[in-house]
Amino acid sequence: MIKKILAITLLLQISACANLQQEINKFVKQPEVTYQSISVGKVSMEGIELNPTFKIDNNNSFAIPVDVVSYDFTLNNKKLLAGETQAIGSLVANNSKDVTLSIDLTQESIVSLQQLLFKDKKLDYQVKGSVKAMGLVVPFEKSDTLYVPDISIADVKIINASLSNLELLLSIDVNNQNSFALPLEALNYSVSTGSQFLFEGALNNQQISQGKNNIQLPLSIKLDAIFTSVFAILANPELPLHFEINSPLFSHSFDQSMNLTSFF
């Protein structure tokens, strides 16, 4: 008998909740969710952070509480991760609020991510999820493409030359086809000749703006580690150089020979 009473009570509660939700749905206008933009929070060897922003509109004449925003992130039709925000808070009456998601691609997914980036030069991604407010579930979805910047060598200049040292300035052009800037924690570069390593350097906290960018990379080569005297330089003035440029999003290498005769 007690079990029957409990069962009836539970059914009445469920029915009451369902009726209450139906009444809420009659008087509460469903929030509208629209995609705004996406930005990159950080790009490093340890991880890539994507920050898509969605706008939630409250078209009611009263404030409504928003519970959470849940989302899935898909890369090249493969689901990489799922997440959920903390409670968003109240939406002011007849107003809107921007909600920015923080999608962190960790080092585990970066390995396959970089392989795809270097191979295809682009990635198709999708952010899909829902906003939960007052029992209402409002879906949203955004698909787009992340492009790898195009990099080319603009110039290699000799800034200063002596018997012991050769100072160069490597100028590279970087074309960012994305609709947002790309931050880089570090851009590493080096120069060698044959099997002999000559110089390595790094630029930190770089920002690649949308469109065309030019980056200057200073290099310093110790000539006395290669040539024993000026006569050795004059006897064989052609210096073959191999340049390497690496970052989490792109890499580039090229070879160039430099004739040192005119500098001595």
- Diffusion coefficient, µm² s⁻¹, Stokes-Einstein with Kirkwood Rh over alpha-carbon pairs of segment 124-205 at 4 °C and 1.567 mPa s: 74 µm²/s
- Task: With a Förster radius of 22 Å, plug the Cβ-Cβ distance of Asp150 and Ser39 into 1/(1 + (r/R0)^6) and report the FRET value to the nearest 0.05.
- Result: 0.60
- In angstroms, what radius of gyration and Dmax does segment 123-166 have, counting Cα atoms only? 25.6, 77
- Could you give the nm distance between label points at Ile159 and Val92, where each point is 7 Å from its Cα heading toward the beta carbon? 5.1 nm
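May I have the convex hull volume per residue, in Å³, for the Cα set of segment 134-253?
Hull volume over Cα atoms, normalised by residue count, gives 129 Å³.
Work out, step by step, the length gained on full extension between Leu123 and Ser209: first 0.36 nm times the residue separation, then minus their alpha carbon distance; give nm to one decimal.
29.1 nm
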- How high is the FRET efficiency from Glu46 to Ser220, r the C-beta distance, R0 35 Å, rounded to 0.05? 0.75
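Quick note: the coordinates plus some simple rules give every number you see, no bench work behind them. These numbers come from a predicted model, not from an experiment. Positions of Cβ are backbone-derived with ideal geometry, glycine not excepted, and every protein chain shown enters the neighbour counts.
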